[in-house]
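Rule-based calculations on the coordinates, nothing more; no lab input. Predicted, not measured: the structure shown is a model, and the values here were computed from it. Virtual Cβ from ideal backbone geometry, glycine too; neighbours counted across all protein chains shown.
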Ligand SMILES: *[C@@H]1O[C@H](CO)[C@@H](O)[C@H](O)[C@H]1NC(C)=O
Ligand SMILES: *[C@@H]1O[C@H](CO)[C@@H](O)[C@H](O)[C@H]1NC(C)=O
Ligand SMILES: [Zn+2]
């Protein structure tokens with residue numbers, strides 16, 4: 001079930017090696033993406049799925065769980081006799097259909113010091129080209145922007161962002177602060193964040209509405225806050241999630257950066273203490289290089305003009321997630337406004353393609369609304385708010401940090417497209433990049449004037 005086991009299994013199939021070499025490739029050919037309905041409680045289902053040696057859990061919900069079912073586990077899975085539906089017949093084929101990573105050199109630029117071509121949004125690209133893309137955006141609006149290299153990841157990559165501002169000058173307005181791809185495999189998030197930045201850069205000189213956005217806020221875009229993990233998804237394992245930091249006394253690599261923020265870190269539930277798990281929280285609060293860097297930068301923004309809006313873009317499932325997260329008995333002081341803004345965002349996202357993003361209701365509402373004894377016992381054993389639109393997903397320490405410590409007015413996570421029949425979830429064909437980006441840009445244009 002755990003990724004390390006997939007890696008080990010792949011290694012032992014290939015070479016009978018006990019420890020995977022750093023160059024180990026993980027192949028998902030013949031894996032099926034299967035949605036399993038919860039009938040007997042999620043913990044019971046999780047332990048059954050965990051008995052399948054090479055099968056990988058993708059997302060868990062209160063009422064169902066998506067898994068990547070390995071070919072070698074099919075017989076054992078069928079013997080479990082679980083109610084399930086196949087979402088994707090061949091995950092390997094879907095990964096292949098994402099296409100080769102298209103190098104930046106083949107993307108035409110409109111002219112010297114001009115915008116890169118928007119054909120950038122037709123394909124996925126290597127990590128190094130994302131850095132170049134940000135630099136090219138910066139040079140297309142040189143008086144109103146800067147590249148930010150805020151500090152190094154575990155493997156030494158600079159966490160890189162683009163800062164845009166308007167007529168008031170750099171740092172003169174409250175921040176709209178955007179993160180993407182903290183979970184390395186959520187590739188669509190990188191492209192959606194870049195599209196948002198691209199629209200602001202391209203519109204500033206010729207569109208009064210967009211100029212108004214930049215004149216009202218300083219924007220900070222970090223399309224890839226987990227560069228080591230993201231690079232690893234491109235070189236070795238498409239479904240890697242965490243960072244790539246080793247720990248003493250275990251061969252398992254990686255900490256979930258989203259579970260490592262130094263706020264309510266010690267609260268049990270919503271994160272794992274097992275280094276092999278996908279949501280491993282680390283050995284101590286904020287002990288990953290990435291969180292140290294991101295926290296320091298966040299604190300700087302908070303100490304400046306403050307953070308009006310923070311969004312952490314993830315995939316998948318189409319959700320707008322609001323605080324509170326670490327407890328079910330507390331709500332944000334501006335909860336009513338948050339829900340109303342989330343409704344505005346939801347309606348605007350749905351306009352171009354009819355995609356419905358679910359927002360709230362937050363924990364206590366759901367606690368009352370979902371009823372069933374299974375759900376209630378799940379929540380009780382899982383003190384981090386678990387159910388958003390029936391989804392068993394803790395709101396992370398990060399949103400709480402942003403809200404309670406950094407004083408962010410609205411700190412949200414948005415889960416983008418993916419999941420559902422015919423979809424592998426994290427793996428979306430390139431034809432989904434543009435519509436995913438357009439609907440979020442539509443949403444942002446409705447949200448920003450309402451903040
Ligand atoms: C799983 O649950 C969904 C939603 O209730 C339902 O539509 C689907 O038919 C169920 N699948 C199976 C195999 O029971
Ligand atoms: C400004 O850009 C927005 C978003 O692309 C668009 O809807 C609007 O029509 C543009 N306004 C003008 C005057 O071009
Ligand atoms: Zn995520």
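Summary of values
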| item | result |
| --- | --- |
| Debye log10 I(q)/I(0) for the stretch 32-89, one point scatterer per Cα, at q = 0.16, 0.26, 0.28, 0.30 Å⁻¹ | -0.39, -1.13, -1.34, -1.55 |
| Cut-off 17 Å, label 7 Å out along Cα→Cβ of residue 146, residues of the stretch 216-235 by amide N | 217-222 |
| R0 of 22 Å, Cβ-Cβ distance residue 351-residue 215: FRET efficiency to nearest 0.05 | 0.30 |
| Potential lengthening between residue 249 and residue 155 on full extension [0.36 nm per residue; Cα-Cα distance subtracted] | 31.9 nm |
| Sequence-separation-based contact order of the stretch 32-89, relative, with Cα cut under 8 Å and 6+ spacing, percent | 51 |
| Burial ordering of 181, 344, fewest other beta-carbon atoms within 10 Å first | 344, 181 |
| Residue order, fewest to most beta carbons within 10 Å, for 314, 179, 59 | 59, 314, 179 |
| Virtual spin-label span in nm between residue 287 and residue 80, 7 Å along Cα→Cβ | 3.1 |
